[in-house]
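Enquirer: Just dropping this structure here.
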Amino acid sequence: MNTDQYIEVFLDESREHLQAINDNLLKLEKQPTEIDIVQDIFRSAHTLKGMSATMGFEDIASLTHQMENVLDKIRHNELAVSTAVIDITFSAVEALEEMVSAISEGNDGKKDVTSLVSQLKQVEAGTYVEQGSEEVSPTINAPVESLDLDEYQATVINQAKGNGFHAYQIKVELTEDCVLKGPRAYMVFDKLESEGEVIKTVPEVEDIEEGSFDQSFSILFLTQESKDSIKETIKKVSEIQNVVVSDFSFEKKAPEKPANTTESAKETKATTQEKPKQSKTIRVNIERIDSLMNLFEEVIIDRSRLEDLSLKYKDQELTETVENLTRVTEDMQGLMLAMRMVPIEQVFNRFPRMVRDLSKDLHKKISLEIIGSETELDRTVIDEIGDPLVHLIRNSLDHGIESPEKRIQAGKEEEGKIVLQAYHSGNNVYIDIEDDGAGINREKVEKKAIENGLISEDHSKQLTDEEVYHLIFASGFSTADQISDISGRGVGLDVVKNKIESLGGSIIVTSNPGNGSKFSIQLPLTLSILSTLLVKVQHETFAVPLSSIIETVALEDKDIKYVHGQKVMDFRGHIVPLVSLNKVYGVTEEDVASNSAVIIQKGDKRTGLLVDSFIGQREVVLKTLGNYLKNVFAISGATILGNGQVCLIVDPNALVK
Amino acid sequence: MEETVKIIVFTLNGQRYGADVKQVMSIEKMKEITKVPGTSEFIKGIMTLHGETVPVIDLKERLEIDQTEPSDLNRIVVVKVDNIQVGLIVDAATDVLDIDSSVIEEAKEMGGMVRKEYIKGVAKLESELLILLELGKVLAMEEAEELKEVAN
């Protein structure tokens, strides 16, 4: 079957299911008795198995199959959830993720999964012991599988019990190197049949005799002999690893049932409440949305031309039509932007797992709280913001949160806490990463910065705390005494800062020594449409992003003062340096006096841009200058104005000193 | 049958040059070009083309043969090489030729003319020599910068 056309769908859905499994496993770890969560995981694993088998990815199918077996036992209360079980399932999920991403890169998605499969099998058989783990789960309640009986079998057993027979559940496990499983099993049955009667087997007798079972099988057996003698009989057959004989009773799980149903009833209520949120969706390739955007931008340009024309001709009907077109296209623009928006959840949902794994590696106890994961951001921003966030969270885990001993010494709770919060405000999205760790040690940062030649000792004394903290974003800086795998190679925070700034955002860090630190990231909602102020500099028009403008002021000659030859002005009691755009961009050769200023701000620094006049506020579509023109100073892109003229967009960040 | 290549022919200072038609996206009349500050002299700025912005360079200045005096006859040949789209200002874009690949010879140093590295080959036609440009090299920024350094 040619499955190429389905591969995209397969990949998308696989990722979704793996993510769902990840999330649910984390939940399950916290509430190990919640069978509904297991159900959800089981469903995801099952779908994944089906899809991968159809697509011919056998390794994924076999691994998910085994995972499903384990989950099946858990959901039937035959296996308890322990850390070991969760861990092994996580590593299976990890392997699956690797395979899926290998497929997306065009590989065949093959991977040696035999060791994972056999570990899962051991888990399934209840014999899995994690090496070096202290938490050998004591909770595995039934070492043998429970056997579902039909009514007839139940009656037979009941009658037999009345006649002095014992009902035993026998679990026979063959050695791993056993080659002829079928015949061995047959020999077991042969021996048993002389002692009593086999009522039921798992799997079916035919399957057992064909050898199509894993390392073990279970038998429900009626006999008058004692457990021990049965065990001895079976052990006579060679290549038998282990035999467990236990009493069989029906009532075993009966009392648990009512409790379970009420609980699940509660859950169903909760889920039905959540359900209506889901609406029908279709998958659209992002490229299609991008080209739709491009086409729409052309419409916007034509619309502006029509606006200009209607002003020129002052025709009532034309004006009305253009006004209506403006309204409709504005709505369309809103919708189009909304289409590109995706909840930041997509980025956040990989963090719980990451925090769990890292805190284990670091021997720290850390909980992660996520707030506002429904906050929406432009798809392009989402794609870029993941790595910086991973870095910051790793940083908080590694450098921020102290070891449990240190925390207890400091009189804090043993478990550290990281709060990841996203929210909208105006045209920006804010993401905060806050930990309750040790905070940033000013002296340590200073020392390191001086050592690395980032600042001089004299200089360091003049800096405020905030300025010192900001040094951690300088390249070649790391405060951890030891280099660890998780962070601390000194290449990190500077990369994070650059990335965020390249997205048009900013990052600040605040810290409260002893009580933790907080990284706040500010990001624009979208990268493609920008609110700007158009300004005139001689005959050229420039667009200044509104987000960085604080105010516009008209200046008189006497307002402009000079400090060390640098033009400055007094802005509400602050001395603000002035930069002439004419000079920066060399619009004209001679220096012309401009008497309007746009006050822009970056962080807490301000600069006044001298321009000739203001044209007005305009929503513009951001275009890059293309691959050919790279790194043009203080220009972040271009846009096309209504009259078809290209207008350059000022990069305020480069102009604030 | 001999293999033929389709070549767009344009003139610079009377000499005819050619570029592979596959690399040429369109030929535009001169339009308004917005200057981009802080870029090389030969980069004249950016113009709009179907809702996108395209940088425009003066091909003569780029090849270090004089510079273009603006006139209505000037054309902008929009080319795309390695995903970089650039408009080249030329004196005129004249015609499209089918050229036998057998008449194309390797580039040689040509006194007083375009540097050898920008030339892909020379097509010997009945009445003239047509210089085929290596657009990849012409557009390579590093190349331009290096040359500038050497010149200084």
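Taken together, the values in this text are just the output of simple stated rules run on the coordinates, not laboratory data. All figures in this text were calculated on a predicted structure; none of them were measured in a lab. Using ideal geometry, Cβ is built from the backbone for each residue, glycine included, and neighbour counts are taken over all protein chains shown.
Enquirer: How crowded by other chains is A:628-641, given as the mean number of beta carbons from other chains within 10 Å of each beta carbon?
Expert: Averaged over the peptide's residues, the number is 5.
Enquirer: Which value, in Å³ per residue, describes the convex hull spanned by the Cα atoms of the stretch A:47-108?
Expert: In the stretch A:47-108, the Cα convex hull volume per residue is 66 Å³.
Enquirer: Still on this structure, please answer the following. Other chains' Cβ within 10 Å of A:620-627 residues: what's the mean? Walk me through the intermediate numbers first.
Expert: Working: counts 0, 1, 0, 6, 2, 6, 9, 8.
Across A:620-627, the average partner-chain Cβ count within 10 Å equals 4.
Enquirer: What is the helix-to-structure angle for A:7-30, meaning the angle in degrees between its Cα long axis and the longest Cα principal axis of chain A, kept from 0 to 90 and rounded to the nearest 10?
Expert: 70
Enquirer: Å³ per residue of the Cα convex hull, for the stretch A:345-524?
Expert: Residue-normalised Cα hull volume stands at 115 Å³.
Enquirer: Can you list residues from other chains, or at least 5 along the same chain, whose modelled amide H is less than 5 Å from the amide H of A:K567?
Expert: HN-HN under 5 Å from A:K567: A:L578.
Enquirer: Here is a follow-up. Tell me, A:M187, A:M51 in order of fewest to most beta-carbon neighbours within 10 Å?
Expert: On the way: A:M187 17, A:M51 20.
Ranked by crowding around the Cβ, least crowded first: A:M187, A:M51.
Enquirer: Related question: Taking amide H positions as placed 1.01 Å from N in the peptide plane, with prolines and chain starts having none, which residues 5 or more places from B:K44, or on another chain, fall under 5 Å of its amide H?
Expert: For B:K44, whose amide H was placed from the backbone, the distant partners under 5 Å are B:V56, B:I57, B:D58.
Enquirer: Find the Cα radius of gyration of the stretch A:4-125, compare it with 2.2 N^0.38 Å by division, and give the number to two decimals.
Expert: 1.00
Enquirer: I've got another one for you. To the nearest 10 degrees, how steeply does helix A:58-75 sit against the main Cα axis of chain A, on a 0 to 90 scale?
Expert: Once rounded, the angle reads 70 degrees.
Enquirer: Sticking with this structure for a sec: For chain A, with the dipole built from +1 on Lys and Arg beta-carbon atoms and -1 on Asp and Glu ones, taken about the Cα centre, which of A:A125, A:G386, A:A654 lies farthest toward the positive end?
Expert: Of the candidates, A:A654 comes out farthest on the positive side.
Enquirer: For the stretch A:336-463, compute the number of Lys pairs whose alpha carbons are separated by less than 17 Å, excluding pairs fewer than 8 positions apart on the same chain.
Expert: 12
Enquirer: Charges at C-beta only: +1 for Lys and Arg, -1 for Asp and Glu. How large is the resulting dipole of the protein assembly as shown about its Cα centre, in Debye rounded to 20? Each step should come with its number before you reach the end.
Expert: Working: 88 positive and 141 negative charges, 382 e Å.
In total the dipole reaches around 1840 debye.
Enquirer: Highest first, please rank the peptides A:501-511, A:159-169 by the mean number of other Cβ atoms sitting within 10 Å of their residues.
Expert: Output ranking for A:501-511, A:159-169: A:501-511, A:159-169.
Enquirer: At a 10 angstrom cut-off on C-beta neighbours, averaged per residue, how do the peptides A:235-243, A:561-569, A:209-217, A:594-602 rank from highest to lowest? If you can, show how the numbers build up before the last one.
Expert: Numbers: A:235-243: 15.0, A:561-569: 11.7, A:209-217: 17.3, A:594-602: 20.0.
Top of the packing list down: A:594-602, A:209-217, A:235-243, A:561-569.
Enquirer: Tell me which residues come under 5 Å, amide H to amide H, from A:G437 once H is placed; ignore anything under 5 positions away on its chain.
Expert: Under 5 Å from the amide H of A:G437 lie the amide H atoms of A:G516, A:S517, each far enough along the sequence or on another chain.
Enquirer: Next question, about the same structure. May I ask what percent, to the nearest 5, of DSSP beta bridges between residues of the stretch A:529-655 are antiparallel?
Expert: Approximately 90 percent, going by the DSSP bridge assignments.
Enquirer: Something else: Of B:L49, B:T68, B:I119, which is farthest along the charge dipole of chain B in the positive direction, counting Lys and Arg as +1 and Asp and Glu as -1 at C-beta?
Expert: It is B:L49, whose Cα lies furthest towards the positive end.
Enquirer: Rounded to the nearest 10 degrees, what's the angle between the helix B:141-151 long axis and the longest principal axis of chain B, both from Cα atoms, 0 to 90?
Expert: 90
Enquirer: Can you find, among A:I418, A:L306, A:T607, the residue sitting farthest towards the positive end of the charge dipole of the protein assembly as shown, where Lys and Arg contribute +1 and Asp and Glu -1 at Cβ?
Expert: Positive-most Cα among the choices belongs to A:T607.
Enquirer: Additional query: State the Cα centre-to-centre distance between the stretch A:373-446 and the stretch B:1-42 in whole Å.
Expert: Here the answer is 53 Å between Cα centres.
Enquirer: Cα atoms only, chain B: Rg and Dmax in Å?
Expert: 15.2, 51
Enquirer: Continuing with this model, one more query. What does the convex hull of the alpha-carbon atoms of chain A project to on average, in nm²?
Expert: Values: hull surface 167.0 nm².
For the Cα atoms of chain A, the hull's average projected area reads 41.8 nm².
Enquirer: For the stretch A:579-585, just list the computed ³J(HN,Hα) in residue order, Karplus coefficients 6.51, -1.76 and 1.60, θ = phi - 60°, integers in Hz, with x standing in for Gly and Pro.
Expert: Rounded to whole hertz, the list is 10, 8, 5, 4, 6, 4, 9.
Enquirer: How large is ³J(HN,Hα), in whole Hz, for each residue of the stretch A:322-327 in order, when computed from phi with the Karplus curve 6.51 cos²θ - 1.76 cosθ + 1.60 and θ = phi - 60°, using x for Gly and Pro?
Expert: For the stretch A:322-327, the Karplus-derived couplings read 5, 4, 5, 4, 4, 4 Hz, x marking Gly and Pro.
Enquirer: May I pose another question? Tell me, what are the semi-axes, in whole angstrom and largest first, of the equivalent ellipsoid of the stretch A:151-247 as set by the roots of 5 times the Cα gyration tensor eigenvalues? Provide the component values of the computation, followed by the final result.
Expert: Details: eigenvalues 107, 42, 20 Å².
That gives 23, 15, 10 Å for the three semi-axes.
Enquirer: May I pose another question? Taking each residue in B:52-64, count the Cβ atoms of any other chain within 10 Å of its Cβ, then average. What number comes out?
Expert: 3
Enquirer: Something else about it: Pull up the cross-link candidates among the lysines for B:K44, meaning alpha carbon to alpha carbon under 23 Å and not fewer than 8 places away within one chain.
Expert: Correct list for B:K44: A:K536, A:K583, A:K623, A:K630, B:K29, B:K31, B:K35, B:K60, B:K80, B:K137, B:K148.
Enquirer: Rg (Å, one decimal) plus Dmax (Å, integer) for the alpha carbons of the stretch A:286-343?
Expert: Answer for the stretch A:286-343, Rg first and Dmax second: 13.7, 45 Å.
Enquirer: If you don't mind, another one. Just how far, in whole angstrom, is the stretch A:590-657 from the stretch A:296-321 if you go by their alpha carbon centroids?
Expert: 26
Enquirer: Any chance you could list P(r) for the stretch A:536-657, counting all Cα-Cα pairs in 5 angstrom bins from zero, rounded to whole %?
Expert: Each 5 Å bin holds this share of Cα pairs: 2, 10, 22, 23, 21, 12, 6, 3, 0.
Enquirer: As a test of the formula, what do you get for chain A when each DSSP H run with n ≥ 4 contributes -39,500 (n - 2.57) and the sum is divided by the residue count, at 222 nm and rounded to the nearest 500 deg cm²/dmol?
Expert: Numbers: 22 runs with 289 residues, N = 657.
It comes out at -14000 deg cm²/dmol, rounded to the nearest 500.
Enquirer: Could you line up A:R43, A:R407 from fewest to most neighbouring Cβ atoms inside 10 Å?
Expert: Fewest-to-most Cβ neighbours within 10 Å comes out as A:R43, A:R407.
Enquirer: If you don't mind, another one. Could you derive backbone 3J(HN,Hα) for the stretch A:226-237 from the dihedral phi with the Karplus parameters 6.51, -1.76 and 1.60 (θ = phi - 60°), listing whole Hz in sequence and x where the residue is Gly or Pro?
Expert: Listing the rounded values in order: 8, 4, 4, 5, 4, 4, 4, 4, 5, 4, 5, 6 Hz.
Enquirer: Here's something else I'd like to know. Ranked by Cβ crowding within 10 angstrom, fewest neighbours first, how are A:S548, A:S396, A:S226 ordered?
Expert: A:S226, A:S548, A:S396
Enquirer: Taking the mean number of other Cβ atoms within 10 Å as a proxy for protection, how do you rank A:346-357, A:362-373 from highest to lowest?
Expert: The packing order, highest mean first, is A:346-357, A:362-373.
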